[in-house]
Amino acid sequence: CIVALAAQTDFTFQGASLTENRKSDCVLVSERYGELREKYLNTQDPRDPRASPLFATFTDAPPVRFI
């Protein structure tokens, strides 16, 4: 199985969990989303599945556990 610790899976930062937990997330502070995206992606598309697995199609992948 895959174990993901505080995995960032959506560099568009549009997911409901990000907006709903914006005030309580102590790891990914919402004011720094743009900075994080710029440092990680530079000018690349945030919907590219290599950067944002949320947009990928996985076949024959093992189970995933988020911690």
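Rule-based calculations on the coordinates, nothing more; no lab input. Only a predicted model underlies this, so the values are computations on that prediction, with no experimental measurement involved.
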Everything considered on the Cα gyration tensor (a ≥ b ≥ c; rounded for a/c under 1.5, else prolate if a/b is larger than b/c, else oblate), the chain must be described as oblate
Restricting to Cα pairs below 8 Å that are 6+ residues apart, what does the relative contact order work out to for the chain? Please round to a whole percent. 62
Per-residue HN-Hα couplings for segment 45-59, Karplus 6.51 cos²θ - 1.76 cosθ + 1.60 at θ = phi - 60°, whole Hz, x for Gly and Pro? 5, x, 8, 4, x, 6, 9, 10, x, 4, 9, 8, 10, 9, 10
